[in-house]
1. Just one of the numbered conditions (1) over 25 Å from D241 (Cβ atoms); (2) touching a Leu at 6+ places or on another chain (Cβ under 8 Å) is not true of D133; which one?
2. Looking at the range 149-165, which of its residues are touching a residue at least 40 places away in the same chain (Cβ under 8 Å) and in contact with a helix residue (DSSP H, G or I) (Cβ under 8 Å, 6 or more places away or on another chain)?
3. In the list L45, L93, which residue meets the criterion of being at pLDDT below 95 and either in contact with a His (Cβ under 9 Å, 6 or more places away or on another chain) or surrounded by fewer than 22 Cβ atoms within 10 Å (Cβ to Cβ) (or both)?
4. When both residues are 6+ apart or on different chains and their Cβ atoms are under 6 Å apart, which pairs have a first residue that lies in the range 6-20 and is within 20 Å of G162 (Cα to Cα), and a second that is at pLDDT below 95?
5. Can you tell me which residues in the range 88-99 are within 20 Å of T290 (Cβ to Cβ) and in contact (Cβ under 8 Å) with a residue 12 or more places away in the chain?
6. Residues in the range 117-144 that are closer than 16 Å to Y25 by Cβ, in a loop (DSSP other than H, G, I, E, B), in contact (Cβ under 8 Å) with a residue 40 or more places away in the chain and of a type in the set (D, E, K, R): how many?
7. Restricting to the range 113-138, name every residue that is aliphatic (A, V, I, L, M), surrounded by 17 or more Cβ atoms within 10 Å (Cβ to Cβ) and over 22 Å from K23 (Cβ atoms).
8. As an exercise: evaluate A193 against (1) at pLDDT below 90; (2) more than 12 Å from A252 (Cβ to Cβ); (3) touching an Asp or Glu at 6+ places or on another chain (Cβ under 7 Å) and give the number of the one condition it does not meet.
Amino acid sequence: MRLYDSLTRELHEVVPVDGQTVKIYSCGPTVYRYIHIGNMRSFMLGDLIRRALRYEGKVVEWIMNITDVGHMTDEVSDAGRDKMELAEADEGLTAAQIAAKYTEAFLEDADLVGIERANLYPRATDHIQEMIDLIGILIAKGHAYEVDGSVYYDVTTFPGYGKLSGNTLDQLRAGHRQELAVDPAKRHPEDFALWKKSGPNRALRWPSPWGDGFPGWHIECSAMSMKHLGERFDIHTGGNDNKFPHHEDEIAQSEGAVGHQVVSIWVHGGFLQMSGQKMAKSAKNIYRVTDLATMASIRSLSACSASARSTAARWTSAGRRSRARTGGSISSADGWPSGRPGRRNSAPRRLPWTIDSATRSPTICRCRAPWLS
């Protein structure tokens, strides 16, 4: 398998760093509201890569994080509010209750679209100490500095900053971040927060060497990915909107701390569009997986069933012709997909496309290829 690397803008063969297991880290959901199908497209990317690698016979470990603290409404400037705390005010639940509610909803929606569970879903709030330790290393190495209880990353200390997104320091100085007001505590307007001092009314706060506060969003993925996959791993996935600032900052943090490249291949998925527009809450064009199930009609189910019957007829016809030619069982070389390329199998084959009846719902129609099962 070869994947397009967003960092080098080239195709690279997937070769596990340790020679044994392909290790994948995917940026997961911020669990303060329901996930829409545009988000789900990005989360599906890691699973598709894992399935294809397994098909090639490779061993794969896939991790997807759960963000339950530190993701602000504005990640580019410092004027944003924590999305978890906004949800607390909206729903009258604690942050822990909100995180549990929407994590379970995300996993149920992922099950509906056929995304297999990851090997691990680490939560940000379970890794605060790892984040604090990593920030301490960055301070010791001269990449970060503390001001009145907050810690910032000095981007001028990392020469490669901007190599993923193309947002170089010169561009950022020219106003790329589009900040309305620059935090006066920063040495440079381009610097970003690793740890923020908590205000008097903030509920999500932890003790640290710099006083009570909370982590920035970007530091969590550096801390969790390296804790669970090591200082070198193979693939990191996310949506195109993660390139900057999230993944750009993650590269600066991780490589600044360990002194070498951490991720071999960066893979980013495009946006799911509705009527030519990016699916987004602000555009009011978002749908949950369950919304699609509700909107589906019997006619949609009938159309999918007809398609499956038509495909079955074509493959049955092809199978008869193959048996007539070979006088034996059908292999993938004869045009019938099997569990492994070129493998003959005398056992009855499943149809290449089937209606998944596990949901027992006439409003949900899911077709799938058996070689991806």
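The values are calculated or read from the model by the stated rules, or taken from the named source; none is laboratory data. These figures come from a predicted structure and were not determined experimentally. Every residue, glycine among them, receives a Cβ derived from its backbone with ideal geometry; neighbour counts consider all protein chains shown.
1. Among (1) over 25 Å from D241 (Cβ atoms); (2) touching a Leu at 6+ places or on another chain (Cβ under 8 Å), D133 violates only (2).
2. V151, Y153, V155, T157, F158, G160, Y161, G162, K163, L164, S165
3. The match here is L93.
4. Here the result reads none, with nothing in the range 6-20 linked to a residue that is at pLDDT below 95.
5. Answer for the range 88-99, where residues must be within 20 Å of T290 (Cβ to Cβ) and in contact (Cβ under 8 Å) with a residue 12 or more places away in the chain: I98, A99.
6. Total meeting the criteria: 0.
7. Start the filter on the range 113-138 by keeping residues that are aliphatic (A, V, I, L, M), which leaves 113, 115, 118, 120, 124, 128, 131-132, 134-135, 137-138.
In the following step, the residues that additionally are surrounded by 17 or more Cβ atoms within 10 Å (Cβ to Cβ) were identified as 115, 118, 124, 128, 131-132, 134-135, 138.
Selection gives I128, I132, I135, L138.
8. (1)
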